[in-house]
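Report on the following structure.
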Amino acid sequence: MLNMDFSQRVVVHTREQEWQPSPAAGVERKPLAREEAERGHATSIVRYKPGSSFKRHEHPLGEEILVLEGVFSDETGHYPAGTYLRNPPGTGHAPFSEEGCTLLVKLHQFDPRDTATVRVDTNQAEWLPGIGGLQVMPLHDFEHEHVALVKWPANEVFQPHRHFGGEEILVLTGEFCDEHGRYPEGTWMRSPHLSQHHPFVDQETVIWVKPGHLPLPAGA
């Protein structure tokens, strides 16, 4: 299994990874976390070459997508870069891309009760004031799970904090930093339950962030 020990902190510089083939011609991926089971938990960066498609398939425990580049499409519409999608448990589709696209894709990680279909165009959605100089764009919430974009102005320093249920981040633009290191655009990281850090940035930075969703240790 790849990066499936949720008690460990994981940092992946996705720009340095090699693309790997998927079962569909013209569709490649960079696995970030994956169970060996065919329909198990998986998080990947996925690239559709122009004109490529994937056969229709089902999502027993949901699918979450952030379109990073290009235009992603399926029977429900065309979704340009900046679109956030959630396809709930039990749904299916036949995705394709006419011009090509790059995506963050998370499979089979929903609570079965989380049945909302979500489509957010982050190019049009409103930024809300956050703590300090941060701006926040909420994308989805379900009980302990929260998903958002967060915009950090240059030279912003956030308060030290701890993550109940862990935290997952993808750096979309700029460079995210904390006492453990510096994480340029394209970095994916996952921090375990009750991990803590003191983040800051030197330049304007936008991250996709999801706290509170990781499995808790037994007895937590």
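Are any of the residues in the range 165-178 in a loop (DSSP other than H, G, I, E, B) and either modelled with pLDDT of 95 or more or under 29 Å from VAL27 (Cα atoms) (or both)?
Yes, that holds for at least one residue.
Collect the residues in the range 62-88 that are polar (S, T, N, Q) and not in a strand (DSSP E or B), keeping them in residue-number order.
Across the range 62-88, the qualifying residue is only THR76.
In this structure, is PRO50 more than 21 Å from THR83 (Cβ to Cβ) and in contact (Cβ under 8 Å) with a residue 12 or more places away in the chain? Let's see the steps before the verdict.
On the way: more than 21 Å from THR83 (Cβ to Cβ): no; in contact (Cβ under 8 Å) with a residue 12 or more places away in the chain: yes.
Here the answer is no, as PRO50 does not meet what is asked.
What's the number of the condition GLU69 fails, among (1) modelled with pLDDT of 95 or more; (2) within 20 Å of PRO211 (Cα to Cα); (3) of a type in the set (D, E, K, R)?
Looking at each condition in turn, GLU69 falls short on (2).
Listed here are the residues, each with its yes/no results for (1) within 14 Å of VAL150 (Cβ to Cβ); (2) of a type outside the set (S, T, N, Q); (3) open to solvent by 30 Å² or more (accessible area, probe 1.4 Å).
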site	(1), (2), (3)
ILE169	yes, yes, no
PRO199	yes, yes, no
GLN203	no, no, yes
ILE207	yes, yes, no
GLY212	no, yes, no
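Please return the ranges of strands (runs of 3 or more DSSP E) entirely within the range 21-61 where 1 or more residues are of a type in the set (Lys, Arg) and over 12 Å from LEU107 (Cα atoms).
Where strands (runs of 3 or more DSSP E) fall fully within the range 21-61 and carry at least 1 residues being of a type in the set (Lys, Arg) and over 12 Å from LEU107 (Cα atoms), they are 27-34, 42-48.
Which of the residues belonging to the range 179-195 are within 20 Å of VAL136 (Cβ to Cβ) and either open to solvent by 20 Å² or more (accessible area, probe 1.4 Å) or assigned to a loop (DSSP other than H, G, I, E, B) (or both)?
GLU185
State all residues of the range 51-63 that are farther than 13 Å from HIS93 by Cα and either open to solvent by 30 Å² or more (accessible area, probe 1.4 Å) or acidic (Asp, Glu) (or both); if no residue qualifies, say none. Reasoning before the result, please.
The initial filter retains those residues of the range 51-63 that are farther than 13 Å from HIS93 by Cα, namely 51-52, 61.
Hits for the range 51-63 are GLY51, LEU61.
So ALA148 fits all but one of (1) under 30 Å from ARG113 (Cα atoms); (2) at pLDDT below 95; what number is the exception?
(2)
Determine the pairs where a residue that is farther than 15 Å from GLN109 by Cβ and touching a residue at least 60 places away in the same chain (Cβ under 8 Å), located within the range 197-216, has a partner that is in a strand (DSSP E or B) and β-branched (Val, Ile, Thr) with Cβ atoms under 7 Å apart, the partner being 6 or more residues away or on another chain.
From the range 197-216, the pairs are VAL209/VAL150; VAL209/ILE169.
The values are calculated or read from the model by the stated rules, or taken from the named source; none is laboratory data. Everything numeric in this text was worked out from a predicted model, so none of it was measured. All Cβ positions, even for glycine, are placed from backbone atoms using ideal geometry, and neighbour counts span all protein chains on display. The area values use the complete protein model at the heavy-atom level, side chains included, leaving out ligands, DNA and RNA. Shrake-Rupley method; radii C 1.70, N 1.55, O 1.52, S 1.80 Å.
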